[in-house]
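What follows is a short report on a single structure.
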Amino acid sequence: MGPSVILVTGVSRFIGAHLAARLAADPSIDRVLGVDTVPPPRDLLRGMGRAEFVRADIRNPLIARVITSAEVDTVVHTSLLSSPAASGGRVAMKEMNVIGTMQLLAACQRSPRVRRLVVKSTTAVYGSSPRDPAIFTEAMAPKALPSGGWAKDAFEIEGYVRGFGRRRPDVSVTVLRFANFIGPRVDTSLTRYFTLPVVPTVLGYDARMQLLHSEDALAVLEQAARQDLPGVFNVGAPGVLLLSQAIRRAGRVQVSLPSLVVGPVSRLIRGARLVDMTPEQMRFLNFGRVVDTDLLRDTFGFTPRWTTMQAFDDFVHGHNLRPVISPAQVRAVEQGVMATARALL
């Protein structure tokens, strides 16, 4: 049976609002409730169509009353936060992520009508370290447990979700571990990083990055909300892009810094509110992360429309990023260097 009443958390942000809009456009779904602590911006709210916004805090046990009174049968939890700066600080972020998820799971556990739960997680649960395998599968554990931030929150949340699944085996539980989002319509730490005219990197590192177009992310969440697809699934686009390749494709200037000065520079960038360069974000930009998506294709039944490179190029085109240094200038410098080298020889 398809869903009848769906509750989507985190609708004040891009993913939650657009997912609610997609589900509300389906006449076979009776109601779509969008929950968040603050109303969505006007453009997102208008785009949500017949989806109903409910101002509620999932950290409050009263969320159980919303689920029960509306007779919700499907819950899609997308409100997990990854940026302390956008969340009011690390403490507020952890409360919303971990405490909020615990209260939401408790509310779902008490409701006999809930039969499907979808949780938006992240591939950051695998961490980023020099000891990582070339590709992570869903069965692998991180080489080093996340020490803090968004990755640690996601790791704890997945543990609570597994406990919920044991207590309510009648509920279909789907955990989606998403790679970093990219695209012309999303605003993340990573997209802001690649719009910097001069992009700082760590000397001696060139991370392998696997990305996911935001439209593919919405399509995966929509499919999970409609169908019983229990399990844990890595969600990433095919292909890999090196950090240096991405910087060149965006037309930015790469500046490689010694590791000793990366911390002060990242704090300076974060203090200027240009990019929220968290420690886990810096580790990802050092070591990268690539996951296996065979289960997504073969069991879940989804193949991303965009590859990693295509998704990144769509982000570049969508933001109309102009090269900081034109190709003609680069060629002129190259020709000057070659001429000098020939003269010396």
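The values are calculated or read from the model by the stated rules, or taken from the named source; none is laboratory data. For clarity, every value in this text was computed on a predicted model and none was experimentally measured. Positions of Cβ are backbone-derived with ideal geometry, glycine not excepted, and every protein chain shown enters the neighbour counts. Each accessible area value is taken on the protein alone, full model and side chains, heavy atoms only, with ligands, DNA and RNA left out. Shrake-Rupley method; radii C 1.70, N 1.55, O 1.52, S 1.80 Å.
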Please go through the range 30-81 and give me each residue that is in contact with a Ser or Thr (Cβ under 9 Å, 6 or more places away or on another chain), small (Gly, Ala, Ser) and more than 14 Å from Gln103 (Cβ to Cβ), ordered by number.
Gly34
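Test Asp294 against the stated conditions and say whether it is modelled with pLDDT of 95 or more, within 27 Å of Arg131 (Cβ to Cβ) and of a type in the set (D, E, K, R).
In short, yes.
Take the range 21-46 and flag every residue that is small (Gly, Ala, Ser) and in contact with an Asp or Glu (Cβ under 9 Å, 6 or more places away or on another chain).
Of the residues in the range 21-46, the ones small (Gly, Ala, Ser) are 21, 24-25, 28, 34.
Result: Ala24, Gly34.
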Where the second residue is open to solvent by 70 Å² or more (accessible area, probe 1.4 Å) and among the hydrophobic types (A, V, I, L, M, F, W, C) and the first is within 28 Å of Ala106 (Cα to Cα) and without any contact (Cβ under 8 Å) to a residue 24 or more places away in the chain and lies in the range 38-60, which pairs have Cβ atoms under 8 Å and are six or more apart or on separate chains?
Ala56/Leu62
Consider Arg305 against the criteria (1) open to solvent by 60 Å² or more (accessible area, probe 1.4 Å); (2) more than 22 Å from Val186 (Cα to Cα); (3) under 21 Å from the mean Cα position of the chain (by Cα): it satisfies all of them except one. Which criterion is unmet?
(2)
Residue count for the range 196-217, restricted to those that are more than 17 Å from Phe287 (Cβ to Cβ), in contact with a Leu (Cβ under 8 Å, 6 or more places away or on another chain) and surrounded by fewer than 16 Cβ atoms within 10 Å (Cβ to Cβ)
0
The condition from (1) open to solvent by 30 Å² or more (accessible area, probe 1.4 Å); (2) in contact (Cβ under 8 Å) with a residue 60 or more places away in the chain; (3) assigned to a loop (DSSP other than H, G, I, E, B) that Pro146 misses is numbered (1)
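For (1) in contact with a Lys or Arg (Cβ under 6 Å, 6 or more places away or on another chain); (2) in contact (Cβ under 8 Å) with a residue 12 or more places away in the chain; (3) open to solvent by 10 Å² or more (accessible area, probe 1.4 Å), each residue gets a yes or a no:
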site	(1), (2), (3)
Phe194	no, yes, no
Ala219	no, yes, yes
Glu222	yes, yes, yes
Gly236	no, yes, no
Ala246	no, yes, no
Complete set of residues in the range 23-52 that are open to solvent by less than 30 Å² (accessible area, probe 1.4 Å) and in a loop (DSSP other than H, G, I, E, B)
Asp26, Ile29, Pro40, Met48, Ala51
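Rundown of residues vs (1) closer than 26 Å to Val98 by Cβ; (2) charged (D, E, K, R), yes/no style:
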{"position": "Ala154", "(1), (2)": "yes, no"}
{"position": "Arg168", "(1), (2)": "yes, yes"}
{"position": "Thr201", "(1), (2)": "no, no"}
{"position": "Ala225", "(1), (2)": "yes, no"}
{"position": "Leu242", "(1), (2)": "no, no"}
Going residue by residue through the range 82-101, is there one that turns out to be in a loop (DSSP other than H, G, I, E, B), open to solvent by 10 Å² or more (accessible area, probe 1.4 Å) and within 30 Å of Leu242 (Cβ to Cβ)?
yes
Can you tell me how many residues in the range 312-326 are open to solvent by 40 Å² or more (accessible area, probe 1.4 Å), more than 20 Å from the chain's Cα centre (by Cα) and either in contact (Cβ under 8 Å) with a residue 60 or more places away in the chain or within 11 Å of Asp216 (Cα to Cα) (or both)?
5
Search the range 287-311 for residues that are acidic (Asp, Glu) and pair each with any residue that is outside any helix (DSSP H, G or I) and open to solvent by 40 Å² or more (accessible area, probe 1.4 Å) when their beta-carbon atoms are under 9 Å apart and the residues are at least 6 apart or on different chains.
Asp292/Ile135; Asp292/Thr137; Asp292/Met140; Asp294/Thr137
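Going by the conditions given, is Ser256 in a strand (DSSP E or B), at pLDDT 70 or above and among the small types (Gly, Ala, Ser)? Please lay out each step first, then the result.
Working: in a strand (DSSP E or B): yes; at pLDDT 70 or above: yes; among the small types (Gly, Ala, Ser): yes.
Criteria met by Ser256.
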So, of the residues in the range 149-183 that are in contact with a helix residue (DSSP H, G or I) (Cβ under 9 Å, 6 or more places away or on another chain) and among the charged types (D, E, K, R), which turns out to be surrounded by the most Cβ atoms within 10 Å (Cβ to Cβ)?
Asp153
